[in-house]
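Enquirer: Take this structure first; my questions come after.
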Ligand code: FAD
């Protein structure tokens, strides 16, 4: 009997924990090493985060959890989410008017879900703890790795040497998955073995967390929210903004994004914080007291935002990086964690494909030819070959989509700060109009394809770029040709019968 392959996963954040579930289900002997103490302890603050931020969980993340093969886990996670049916934009003074952007909910019934990052992580870790082939090591920091010898060095912070330093231990592995975040140690060590291209950029914006407390509880004890719970609330500014994401307990986790110079000005005189909010984010002071605004600003860290790209993601058959370790992005598309979870689904589907292909070519030997030792080493060699082929394929294909979403997130950041050309705005409004009024003809905005589908990100961009060009041609035709304008007007007025006609035509065409 061949020994199971040992997969070491570094980082027990949402991506590493999900990867461990996938690996365990495939029979790997899984060891997870996490730098922090048990992340389920609410006192533990995750690296590079504040207490715990609320995230938008969308289709790609949900789909990856769906494929982990634990339907009750998915139900549990979905049950702890608050649906956000659209964005609520809070206008500037003096009106402070609210403007609702329905996003996709009204048209297709799909929406982003708000989820507490810590609660999601805890649910994944709980599921892991029940599995016999998974061992979790908290307070263990990866300090070195040799991807040729398949050895790694881990600092055990629970065991101190007589001099008070954490003890270092050596571990071995067949394959290591680096899910250790933007400042990945696995990536750092892998770079010594693989010719990895790498680029990173810190944007000139920092973020700080605030909180809107729950409203008064109803008589039945259920939570109330001070502002609509089913929206992502945005107070936009030119180069700064404030957002609020609902939590299950009736509170909102809020984030201030502001250039470093803006933080510096307020740090010089924090008593100005309420006034700053009053001028720029009208209405927020009705929900957060001045004292809480100042306290949150003074106590919560002012954290940087990094965008990074690298490739390839692997070395031979022994190591691969996923999640933020491979492609940390600015958070303005709400896709960072969703992309990381999608990495897990795609990586394991490529591993499955190559493992199955090799099993097919290496059919078991007839009984008289069977030699246990030989069989064991050939099974190990086959697993190694499958890993090598899978990691190479994963690296060669995944980077295109990771770069695309990284760019999209960055473009959103730039879009928020700079005014766009009239053609650009026109094209965007036309796309939104078509998606809202002609959904059955397949028109979808870039946002809805990225957030609510599982199509590769690069395909979403290609498709919406093509769509945009057609729309712009149609629009110029409309302006210059009264016949075309009349045609479109009729198509819009009779869109329901047109839709039936379209479906019938497609059905007839398929039958032919
Ligand atoms: P991480 O969450 O960073 O986890 C890495 C883990 O590795 C950590 O637990 C760390 O302690 C551990 N580790 C690090 N070094 C070592 C080591 N040497 N040894 C052992 N362990 C180690 N994404 C979305 O999808 N939707 C959103 O709405 C969204 N909003 C965001 C808002 C903000 C303000 C920010 C900053 C990010 C947001 N993101 C969002 C991005 C999302 O948080 C990240 O993409 C996600 O957390 C990445 O998960 P990960 O598991 O790859 O890395």
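The values are calculated or read from the model by the stated rules, or taken from the named source; none is laboratory data. What you are looking at is a predicted structure, and each value in this text was computed from that prediction instead of being measured. Cβ sites come from the backbone with ideal geometry, for glycine too, and all protein chains shown count toward neighbours.
Enquirer: Do we have residue 197 as within 16 Å of the ligand (Cβ to nearest atom), within 25 Å of residue 307 (Cβ to Cβ) and at pLDDT 95 or above here?
Expert: Considered against the rule, which asks whether it is within 16 Å of the ligand (Cβ to nearest atom), within 25 Å of residue 307 (Cβ to Cβ) and at pLDDT 95 or above, residue 197 comes out as no.
Enquirer: Is there a residue being modelled with pLDDT of 95 or more and within 8 Å of the ligand (Cβ to nearest atom) anywhere in the range 21-32?
Expert: no
Here's the yes/no breakdown for (1) near the ligand (Cβ under 8 Å from one of its atoms); (2) more than 19 Å from the chain's Cα centre (by Cα):
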position: 331; (1), (2): yes, no
position: 340; (1), (2): yes, no
position: 346; (1), (2): no, no
position: 353; (1), (2): no, yes
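Enquirer: Going through the range 286-327 one residue at a time, which ones are touching a helix residue (DSSP H, G or I) at 6+ places or on another chain (Cβ under 7 Å) and assigned to a loop (DSSP other than H, G, I, E, B)?
Expert: 302, 312, 313, 316, 317, 322, 323
Enquirer: Against the condition surrounded by fewer than 20 Cβ atoms within 10 Å (Cβ to Cβ), within 9 Å of the ligand (Cβ to nearest atom), more than 12 Å from residue 9 (Cα to Cα) and modelled with pLDDT of 95 or more, how does residue 155 come out, does it pass?
Expert: yes
Enquirer: Sort through 78, 18, 74 and tell me the only one that's surrounded by 14 or more Cβ atoms within 10 Å (Cβ to Cβ), within 11 Å of the ligand (Cβ to nearest atom), at pLDDT 95 or above and in a helix (DSSP H, G or I).
Expert: Selected residue: 18, the only one of 78, 18, 74 that is surrounded by 14 or more Cβ atoms within 10 Å (Cβ to Cβ), within 11 Å of the ligand (Cβ to nearest atom), at pLDDT 95 or above and in a helix (DSSP H, G or I).
Enquirer: Does residue 239 count as part of a loop (DSSP other than H, G, I, E, B), closer than 30 Å to residue 140 by Cβ, touching a helix residue (DSSP H, G or I) at 6+ places or on another chain (Cβ under 7 Å) and touching a residue at least 60 places away in the same chain (Cβ under 8 Å)?
Expert: Taking the combined requirement at face value, the residue does not satisfy it.
Enquirer: Still on this structure, I have one more. Within the range 40-65, track down each residue that is in contact with a strand residue (DSSP E or B) (Cβ under 9 Å, 6 or more places away or on another chain) and modelled with pLDDT under 60.
Expert: Correct list: 48, 49, 50, 51.
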